[in-house]
Amino acid sequence: MEANGTKQTRQSKCKTPHPEQLTKYSLPSCAKLIHVKNSPVASTWRYHHIGIPTAERREGERLIANRATFVSGYETSAYGIEWMRFEPEALVLELVRTVPHVAFEVDDLSAEIAGKEILIAPNSPSPGVTVAFIVENGAPVEFLQFAKK
């Protein structure tokens with residue numbers, strides 16, 4: 001915590017106000033941080049992206065191998081917006097195909113999903129990352145755990 005009440009992010013030139021000082025305009029474009037309400041595990045969650053389903057082809061989309069799913073936007077979005085387009089044969093539940101989801105990076109995926117309604121069981125869509133989806137208040141929530149380097 002800085003003396004002026006701001007919190008230093010991973011990027012040395014990027015500062016965000018303390019959560020108590022946040023307004024809807026507080027976060028700079030270089031930050032991918034959100035304040036998560038008090039929870040026993042919330043301090044271990046790091047905002048990663050929001051996944052938005054679409055039926056439209058988008059510039060720069062790429063196919064996730066063996067998933068029949070195209071993604072785009074995340075790499076160029078300051079806010080972690082990822083568009084997702086599913087081929088008819090994609091093995092994805094209707095809730096994920098139709099409702100946007102928020103995704104958090106976590107340190108212990110198993111602990112985060114324990115006792116939750118699991119929508120998509122833990123799996124590895126690409127090397128070094130394991131993901132799982134739960135249902136929270138009728139919406140999909142994704143957790144990602146990256147392999148330790």
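Computed over Cα pairs, the Kirkwood radius of segment 49-149 leads via Stokes-Einstein (0.692 mPa s, 37 °C) to a diffusion coefficient of 234 µm² per second. Here the label points at Ala147 and Ala78, each 7 Å from Cα along the C-beta direction, are separated by 3.4 nm in the simple model. Taking the fewest neighbouring Cβ atoms within 10 Å as the starting point, the ordered list for Ser126, Ser72 is Ser126, Ser72.
Read the figures in this text as sums done on the coordinates, not as results from a lab. None of the values given here were measured: they were computed from a predicted structure. All Cβ positions, glycine included, derive from the backbone under ideal geometry; neighbour counts span all protein chains shown.
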